[in-house]
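First the structure, in the form of structure tokens, and then the observations on it.
The values are calculated or read from the model by the stated rules, or taken from the named source; none is laboratory data. Small disclaimer: the values here were computed from a predicted structure and weren't measured. Positions of Cβ are backbone-derived with ideal geometry, glycine not excepted, and every protein chain shown enters the neighbour counts. All accessible areas refer to the heavy atoms of the entire protein, side chains included, with ligands and DNA or RNA removed. Shrake-Rupley method; radii C 1.70, N 1.55, O 1.52, S 1.80 Å.
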Amino acid sequence: MRLLYDSRRRLDPGPVRAADLRRLYAFPARPSTRAVMISTLDGSVTGADRRSGSIGTPADRTIYLLQRELADAVLVGAGTARAESYHPPQTRADGSRLTLVVVSEGGSLPPSLATASTHPGSVLFVTPRSAAPRRLATARRCLGAEHVWTIGEDHVDLAELRARLTGHGLRHLVCEGGPTLLGAMYAADLIDEVALTTAPLTVGGDASRIINGPAAARQHRLAVLLEGSNTLLGLWRVQR
Ligand SMILES: NC(=O)c1ccc[n+]([C@@H]2O[C@H](COP(=O)([O-])OP(=O)(O)OC[C@H]3O[C@@H](n4cnc5c(N)ncnc54)[C@H](OP(=O)(O)O)[C@@H]3O)[C@@H](O)[C@H]2O)c1
């Protein structure tokens, strides 16, 4: 992997080691949320199989895993958890564990997380209070009642969710989309940084861009740019 640009000039352009990558991708001290997404050259978030794995590269995988290592929690929409078969996170080498926070409007727990009770607390499932009681009961049975949060009446109040996560010590979040959740996070002005991989292929078709939904006009400033596996990896900060 090669560093092309570092806005803070901590490192000179050129080859980077694992320790350098940790410095470049460290979260700011304050609570913050970083969107972590990959897009093709023509702006698609998936390949023909409607999954993001098929547009990934080894360099993207390295930076994706690093950011999960540095974060306290992963925030993801239930649509992505279903499409990509998310599983409860594994315990890290130091004994800590990333928390997976899954947001759903309707309250259907993604099937791949139904066995999460074997890792209590590794998955938080968040729905509005209007979610169907039968579905909530299923989620509570699978995850434990204290790991199913109802926040907001008809829609999940994402600002309240972030405040509650911070209160639980989950200060640094990676938001792995998908585009619907990311659109809502932008609309609520809850995204601080974007780590965007540009994969070296075009796919055409009608797949989504990284953000769907309401207008989300924001300016960003480039913080870090890397190249690896013929892929560009940028870290951008939202300007406020
Ligand atoms: N390239 C990438 O980096 C990347 C990243 C992520 C996903 N993807 C791809 O994107 C596609 C999925 O797109 P998507 O837009 O459907 O993903 P999504 O945002 O993860 O899923 C939409 C679903 O998530 C829940 N949700 C989203 N926003 C919510 C909110 N504000 N409040 C409550 N619930 C919310 C709802 O779940 P319920 O249906 O349960 O109500 C909604 O139907 C997949 O093909 C996936 O592979 C690509």
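This table checks each residue for (1) more than 24 Å from VAL123 (Cβ to Cβ); (2) within 12 Å of the ligand (Cβ to nearest atom); (3) surrounded by 18 or more Cβ atoms within 10 Å (Cβ to Cβ).
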site: PRO15; (1), (2), (3): yes, no, no
site: MET37; (1), (2), (3): no, yes, yes
site: GLU69; (1), (2), (3): no, no, no
site: LEU100; (1), (2), (3): no, no, yes
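Of the residues that sit in segment 196-210 and are in contact with a strand residue (DSSP E or B) (Cβ under 9 Å, 6 or more places away or on another chain) and near the ligand (Cβ under 10 Å from one of its atoms), which one is farthest from GLN239 (Cα to Cα)? Ranking the candidates gives ALA207 first. Checking each residue in segment 194-240 for being farther than 23 Å from SER7 by Cα and open to solvent by 80 Å² or more (accessible area, probe 1.4 Å) picks out THR202, GLY205, ASP206, ARG209, ALA215. If you check LEU21, LEU4, LEU11 for being crowded, with 20+ Cβ neighbours inside 10 Å, away from the ligand (no atom under 16 Å from the Cβ) and not assigned by TED's automatic domain parsing to the domain that holds LEU109, only one passes: LEU21. Within 16 Å of the ligand (Cβ to nearest atom), among the hydroxyl-bearing types (Ser, Thr, Tyr), under 20 Å from LEU182 (Cα atoms) and in contact with a strand residue (DSSP E or B) (Cβ under 6 Å, 6 or more places away or on another chain), is that true of SER104? Against the criterion (within 16 Å of the ligand (Cβ to nearest atom), among the hydroxyl-bearing types (Ser, Thr, Tyr), under 20 Å from LEU182 (Cα atoms) and in contact with a strand residue (DSSP E or B) (Cβ under 6 Å, 6 or more places away or on another chain)), SER104 qualifies.
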